[in-house]
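So the structure is just underneath, and the comments pick up after that.
The values are calculated or read from the model by the stated rules, or taken from the named source; none is laboratory data. The shown structure was predicted, so the numbers you read here are calculated from the model rather than taken from an experiment. We place every Cβ from the backbone using ideal geometry, glycine too, and count neighbours over all the protein chains shown. With ligands, DNA and RNA removed, areas are computed over all heavy atoms of the protein, side chains included. Shrake-Rupley method; radii C 1.70, N 1.55, O 1.52, S 1.80 Å.
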Amino acid sequence: MEPATHRIDLVVVGAGIIGALAVWRALQDGLTVRWYDPDPANGATYAAAGMIAPTFEAAFGEHDLMRLNVESARLWPTLVKELEHETRVDIGFRRAGSLTVAFDSGDLEEARRLHALHREWNLDSEMLSAAEVRERLPLAGAHVSGGLWAENDHQINPREVSLALIGAIARHGTHVEKKRVAALLVTDENSEQAGVNNHQVGEEDQRVEGKRQRVEGVILEGGVSIHADRVLIAAGWQSSSLVADLSGIDIPTRPVKGEVVRLNYNSVPWLDTEFTVRGLVQGRPIYIVPRSDGEIVVGATTYEREDDRQATAGGIFTLLRDARAVIPGLDEAEITEVTARARPGSPDNLPLIGSVADGTLMVATGHYRHGILLAAVTSHLIQCMLRGEKLPDYAESCSPSRFTQLEDPDARYPLSVE
Ligand SMILES: Cc1cc2nc3c(=O)[nH]c(=O)nc-3n(C[C@H](O)[C@H](O)[C@H](O)COP(=O)(O)OP(=O)(O)OC[C@H]3O[C@@H](n4cnc5c(N)ncnc54)[C@H](O)[C@@H]3O)c2cc1C
C-alpha cells in the first residue's frame, strides 16, 4: 500500500447529481474536498428525464416519500437560482405543469383513484374530461378517456445540472478525480486502544460486536489511502458495497434498471408542448418530457436487474408504442439516443440520508426513481450534516439507521412457530 496523503476535511464518493451537490455545498462552507468517480455524471443521473413531479409521483403506501418529494419541489426554484447564478448555465428548469392522459376506461378509473389520493394528501391536481385533455393537448391520439392536470409538477435537465456543477466546481479548483473508491478506511475504538490503527473494511475483526467505528478516509482502487475527517457516500446503487462489511451499518441499495429513448422534435416543431405529458396506457405508465432545446425524453422501463447498460428491443418497443398511443405524431421525430442505467433502489423506496459512525460517515443515496426531484432537499440535508446541525423532522424517514441489523435475528420474526 502506498503511503497516505495529507489530511483533508471531506471525501465525496460519486459524481452524479447528489455527489456534485454535496461537493458544491462543502466548498461553500470552505471545506477541503477530494472527490472521486471513475465515470463522472454517467450513472442514473445521465439517464434521468428530470421530472420534478411531487404530485404525479405520489403513490399509494408512500406517504413519507410524498412529504419529502413535496419539500424538495418547494426548494427547487431557489436551488435553480443559486445554480444558474453560480454556473451561468441554463439548467432547463421548466415550470409548465404536467398532464396525465388516461387511454381507456380502466386507465381513467386509475386516474380517478390517483386524484382521490392527491386530495387526501393535499396535492393539487385536477380531473379533466377527454375534451379538456384535447384542449390542452391537441396532439393527443384518438383514444383518450380523460386525464389529470398537475399545476406543480415541473422538470429540469439533469445532465445540465451535473455537468454545470462539475464545471463550476472545477473552476473553484476542485476536480473530480476519475478513480474508484475501493473501500473505507476504518478505525474502531477497541483496536485503537490496543494500538492497532486504520485498516480496510472487510477484514474479519470488523464484525466483532460492540465496537464503535470511525471512518478515517478511503482506499482507492490501486491501494492509495486518502485520510479525511469525514467521508460522504453518494455512489448511487453501488453505495451498498462500500459499507458491506462495516459492522452495524447497512446501506441496502440495489440496481433497478431503466431505459429511456431520446427523440428530437426540431424537424417536427409542432410536436413541442410546454408541459410534460404522462400517459396511463392500459395500465402501463409512460412519460414524454419535452425540453426547450428540441429534445423529448420518453421513459421509462423498470426491471429488477443489474446495471448492464444495454437497452433492449422489447423495452424500447414498449416505450414507443405507449408514447405514440398518447401522441401519435411522435412517429415523425428522430431517435437520437437510447439509454439504460440503474436507479439506486432502496428497500422502502425512500432514500438514505444521514450520518453514521460517530458522524464520520455521511450517506446520501438510495433515491431510486426520485433522485432528481429529491436533489434539492438532499443538498439541504447534506449542508445541515456538514455543519453539524440537527436534521429537520421530515428527514427522520430517510435515516440510514433504519436498516441497521438487529443483534438477535430471531427478534425480527416474533411470530415464528415453536
Ligand atoms: C431511466 C431513468 C429515468 C429517471 N427519471 C427520473 C426523473 O424523471 N426524476 C427523478 O427525480 N429521478 C429520475 N430518475 C432517478 C434518478 O436518476 C436517480 O435517483 C439519481 O440520478 C441518483 O443520483 P445519484 O447521484 O445518487 O446516482 P448516480 O447518478 O448513479 O451517480 C452515482 C455515481 O457514483 C459513482 N460511483 C459508484 N461507485 C463508486 C465508487 N466505488 N467510487 C467512486 N465513484 C463511484 C458512479 O460512477 C456514478 O457516477 C431516473 C432514473 C432512471 C434510470
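Points worth noting:
- Integer Hz, Karplus 6.51/-1.76/1.60 couplings in order for region 227-237, x for Gly and Pro: 8, 8, 5, 9, 10, 10, 9, 9, 9, x, 5
- Phi angles across region 355-365 convert, under the Karplus curve 6.51 cos²θ - 1.76 cosθ + 1.60 with θ = phi - 60°, into 3J(HN,Hα) values of 10, 9, 6, 6, x, 7, 10, 10, 10, 8, 7 Hz, Gly and Pro given as x.
- Over region 259-367, relative contact order from alpha-carbon pairs under 8 Å, at least 6 apart, %: 30
- Surface accessible to a 1.4 Å probe, Arg159 within the full protein complex, Å²: 50
- Each label point was placed 7 Å from the Cα along the Cα-to-Cβ direction; for Tyr394 and Ser292 their separation is 2.7 nm.
- J(HN,Hα) series, region 375-383, from Karplus relation 6.51 cos²θ - 1.76 cosθ + 1.60, nearest Hz, glycine and proline x: 4, 5, 5, 5, 5, 5, 5, 4, 4
- When only Cα pairs below 8 angstrom with a gap of at least 6 residues are kept, region 45-160 shows a relative contact order of 42 percent.
- Antiparallel DSSP beta bridges within the chain, percent to nearest 5: 75
- Region 236-281, accessible surface, carbon-and-sulfur percent (1.4 angstrom probe): 52
- Isotropic mean projected area of the C-alpha convex hull, region 267-418 (nm²): 14.3
- Between the helical axis of 63-87 and the longest alpha-carbon principal axis of the chain there is an angle of about 90 degrees.
- Relative counts (whole %) of C-alpha pair distances in region 206-336, using bins that are 5 Å wide: 2, 9, 14, 14, 11, 9, 8, 8, 8, 8, 5, 2, 1, 0
- Accessible area per residue (1.4 Å probe, heavy atoms of protein chains only) ranks Asp245, Asp358 as Asp358, Asp245, with the largest value leading.
- Two-site label geometry, Asn266 and Arg113: point separation in nm, points 7 Å out along Cα→Cβ: 4.3
- Centre-to-centre separation between the Cα atoms of region 295-364 and those of region 226-288: 5 Å.
- For region 10-104, the Kirkwood hydrodynamic radius from C-alpha pairs, put into Stokes-Einstein at 10 °C and a viscosity of 1.306 mPa s, yields a diffusion coefficient of 101 µm² per second.
- Pairs of lysines in the chain (C-alpha under 27 Å apart; 8 or more residues apart or interchain): 4
- Anisotropy class of region 102-156 from Cα gyration tensor, a/c 1.5 cut: oblate
- Carbon and sulfur %, accessible surface of region 1-135 computed with the full protein complex present, 1.4 Å: 49
- Taking amide H as placed 1.01 Å from N in the peptide plane, Thr360 has its amide H under 5 Å from the amide H of Val215, each at least 5 places away in sequence or on another chain.
- In region 47-99, the chymotrypsin sites (Phe, Trp or Tyr not before Pro) that fall in loop regions by DSSP, at most 15 other Cβ within 10 Å: Phe60
- Spread over its residues, the convex hull of the C-alpha atoms of the chain is 160 Å³ per residue.
- Where Leu391, Leu184 fall by accessible area, highest first, once all protein chains stay in place (1.4 Å): Leu391, Leu184
- Using a Förster distance of 35 Å, the FRET efficiency for Ala131-His63 (Cβ separation, nearest 0.05): 0.55
- Cα gyration tensor category, rounded, prolate or oblate, for region 220-288 with a/c compared to 1.5: prolate
- Segment Trp121-Glu274, extension gain: residue separation times 0.36 nm, minus the distance between their alpha carbons: 52.4 nm
- Annotation: per residue accessible area for the chain equals 44 Å², rounded to a whole number [probe 1.4 Å, protein chains only].
- Here the label points at Arg321 and Val89, each 7 Å from Cα along the C-beta direction, are separated by 3.7 nm in the simple model.
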